[in-house]
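What follows is a single structure, written as structure tokens, with notes after it.
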Amino acid sequence: MKITSSLPAPVSQRREGEVLVRVQSDRVRLGELCYDHGARLLRRYDLPGPRSDGAILRLKVEETDQALAELRKDPRVAYAEPNYLVQSFAQPNDLDPKLYGMHKLNAPGAWEITHGSREKGALVAIMDSGADYRHPDLGPNIYVNPGEIPGNGIDDDGNGVIDDVHGFNAAARTGDPMDDGSHGTHVLGTIGAVGNNGQGVVGVNWEANLMPVKFLAQGYGDTADAIEGILYATKMGARLTSNSWGGINYSQALFDTLAASPALHICAAGNDSFNNDVRTVYPAGYDLPNLLAVAATDAEGKLAAFSNYGIDSVHVAAPGDKIYSTMPGNQYGYKSGTSMATPHVTGVAALALTEHPELRNDQLKDRLLFAVDRSPELQGKVFSGGHLNAAKAVEHDTVAPGPLHDLRAEGVTPFALPLRWKASGDDGDQGQASAYELRFASRPIESEADFAKARPVTSPPPGPAGAEEKITLKIQPRGQQHTLYVAARAVDNIGQRGPLRQLEVTVPAAQVAFAGDVDAGEQQWSAVGGWGLQHVPGRGQVWTDSPNGTYALGAKGSITSRSFSLQGYQTAKVDFECRYDLERTFDSVTLEVSRDGQKWDKLAAYEGLTGWEERSYDLTPYCGEPDVRLRFRMKTDEDVCQDGFYLDKLVVTGGS
């Protein structure tokens, strides 16, 4: 799992000669499996939880690609994948005299409620390059294993690691997590450098229980060691993991390990200025309920120039540019990156658990998502639309927001549904809520399950109680009158929800010449050359040129619509949504239109990289024609393969 950043890139994206395999069940004889494939078992990882049948194996093989091909055919194997490389997400920078992060986070406001605790605080596993646990500003807050006797060379507590007094070194499989660089030590200082001791810096937690789990060496590691580190953290009872590292390769084994863990995993979004909704970084990009992804901001509260972002895949932002913290050898220094933003969020999570130890993962995650200061700079960049506020996250609050008042629809058209309402408050009808949750569906929304299945809408930040609110939903036009159901509620800073307000809206019919979305049926399109349907979370089935992963070399495929008539139309247009990842200059998808299915006119061409966007093109020159068709045609060279083109919600409408 390798990603390009300011650090020098690894020679390979994977560790050659090693693979990760999950067997179908614990009844598989591992010795026979290894013998049959000429492999040697390096490690066995048993996942926790009730549905953990089937261990993950780290195997030594002669030739990686050949071994993967053969293992994937074996009925005893659930999946096989490379042992991907990962790296830390820090960036070098110039010195800055200001220590601003704690103030931007409003840590002083949180400290009026709690400083954290060594005895009662959550055990925090820092998955990184280890820590200088002898640093005087860290030592008192470093975890001490009560079941281990230091230096006797014996695994006293029977957890499989000898002398793991302060944590674990997964890369060397020893009990000594001493930092061989500086990254992990810097991260620990932000979470929990000792407070009020008259020296150095202070962490988000003055007192903490920090367990370094070393699996990165000189900035790099692999997924197998990450898995081993996470399993160790789980075994030792970690409530949180801090993950300032990642890569671009999806690992099912790492996903399964994180999903099986009872901890909340806080992960760096990455440092490539990418939209993670388009090109994902892992582990931050895994869609897991016990995972939260973090972007970085600068001293002005703006998204840092290097930070990745994504309104669907990156949850919250925190200070990450020019952060001053602990360094090995009793030193202090500055680092930048989403690596530095992540421990700010981990620190706030630890503070919240100290004050509210009863919180479930979903409740803790809600506090981190909604305890934000909204910012125009972050709207559309991260899910929360804001910058984490520690004081809001640790607050005691038992009063949920009140219901939205006078929810109504005004001026509904076949294409748009304008909504208005009056804001509730943070506590009943008092104050100002943190966010709205608004969804709509074609069926009544009668329960929480119905609400969860309905389509979400990015809503404006709430105004004060009683404020007039408005938003316009863009809707898919249909050829007949239909009904939409809308449900909305307010959410406060600790994730308490107000009552759902619901609305039934009649939407007038549009003049639809062609409905090309998948709901209208596959027969609407004919596909050749590899095009097909793929399920996309939150959308369902969409058309793509690469339903099985990346597109092919030398591809010349297309999808062509059925014939439709524009006779009787005076105006016409085609609207759709698309996203694409196509090698610029050399690979492209072209949108074409034809009057007879023989001669094609070019409407648009797509290359490069973009997330889901709405597109609209004028078809008025084709009005009056009885036999109109649309075609999306792909052409690629013989070199790079990327993710391809995705199409959804296409419709041709007009007026007479």
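Each value in this text was obtained by applying a stated rule to the coordinates, not by laboratory testing. Computed from a predicted structure; not experimentally measured. A quick note on method: Cβ atoms are made from the backbone with ideal geometry, for glycine too, and the neighbour counts reach across all protein chains shown.
For the reader, a short list of remarks on this structure follows.
- Figure legend: label point modelled 7 angstrom from the Cα of Val278 along Cα→Cβ; residues of the range 576-611 with amide N under 20 Å from it are 576-591, 604-611.
- The chain, relative contact order [Cα under 8 Å, separation at least 6], %: 10
- Peptides 555-561, 411-417 ranked from most to least packed, by the mean per-residue count of other Cβ atoms within 10 Å: 555-561, 411-417.
- Selection of trypsin sites (Lys or Arg not before Pro), the range 337-446, meeting DSSP coil and at most 13 other Cβ within 10 Å: Arg360
- Taking a ≥ b ≥ c as the square roots of the eigenvalues of the Cα gyration tensor, the range 311-462 is prolate, since a/c reaches 1.5 or more and a/b is larger than b/c.
- Nearest-0.05 FRET efficiency for Asp65 and Leu41, computed from C-beta distance (R0 22 Å): 0.65
- Residues in the range 44-64 reached by a label modelled at Asp26 [backbone nitrogen below 11 Å; 7 Å Cα→Cβ]: 46-55
- Cα-based reach from Lys453 at 30 Å (exclusive), listing lysines while leaving out same-chain residues under 8 positions away: Lys365, Lys381, Lys392, Lys422, Lys470, Lys474, Lys649
- Shape call, the range 405-509: gyration tensor on alpha carbons, a/c limit 1.5: prolate
- Angle of helix 361-370 to the longest C-alpha principal axis of the chain, folded into 0 to 90 degrees and rounded to 10: 70°.
- Put a dot 7 Å past the Cα of Glu16, heading toward its Cβ, do the same for His396, and the two dots end up 6.2 nm apart.
- Taken one residue at a time, the phi angles of the range 124-137 give Karplus couplings (6.51, -1.76, 1.60, θ = phi - 60°) of 10, 8, 9, 7, 6, 8, x, 7, 7, 6, 8, 4, x, 8 Hz. Gly and Pro are set to x.
- Global geometry of the range 421-577, whether rounded, prolate or oblate, following the gyration tensor of its Cα atoms and the 1.5 cut on a/c: prolate
- For the range 22-90, applying the loop criterion from DSSP together with a ceiling of 14 other beta carbons within 10 Å to the trypsin sites (Lys or Arg not before Pro) yields Arg27, Arg29, Arg51.
- Convex hull volume of the range 514-655 per residue (C-alpha atoms, cubic angstrom): 101
- Interchain or long-range residues, amide H under 5 Å from Ala122's placed H: Thr354
- Derived scalar couplings ³J(HN,Hα) [the range 328-337; Karplus, 6.51 cos²θ - 1.76 cosθ + 1.60; whole Hz; x for Gly, Pro]: x, x, 6, 10, 9, x, 9, 9, 10, x
- Among 536-544, 271-279, 211-219, 645-653, the peptide with the highest mean count of other Cβ atoms within 10 Å heads the list, and the full ranking is 211-219, 645-653, 271-279, 536-544.
- Close amide-amide hydrogen proximity is noted between Met178 and Ala131, each under 5 Å apart and 5 or more residues distant or on a separate chain (H modeled in the peptide plane; Pro and chain starts excluded).
- Taking amide H as placed 1.01 Å from N in the peptide plane, the amide H of Leu566 sits under 5 Å from that of Gly624, Glu625, Asp627, Val628, each at least 5 places away or on another chain.
- Under the Karplus curve 6.51 cos²θ - 1.76 cosθ + 1.60, θ = phi - 60°, whole-Hz ³J(HN,Hα) for the range 196-205, x wherever Gly or Pro sits: 6, 10, x, 8, x, 10, 10, x, 4, 9
- Listed by chain and number, the lysines placed with their C-alpha closer than 20 angstrom to that of Lys335 are Lys98, Lys104, Lys214, Lys302, Lys322; residues fewer than eight positions away on the same chain are left out.
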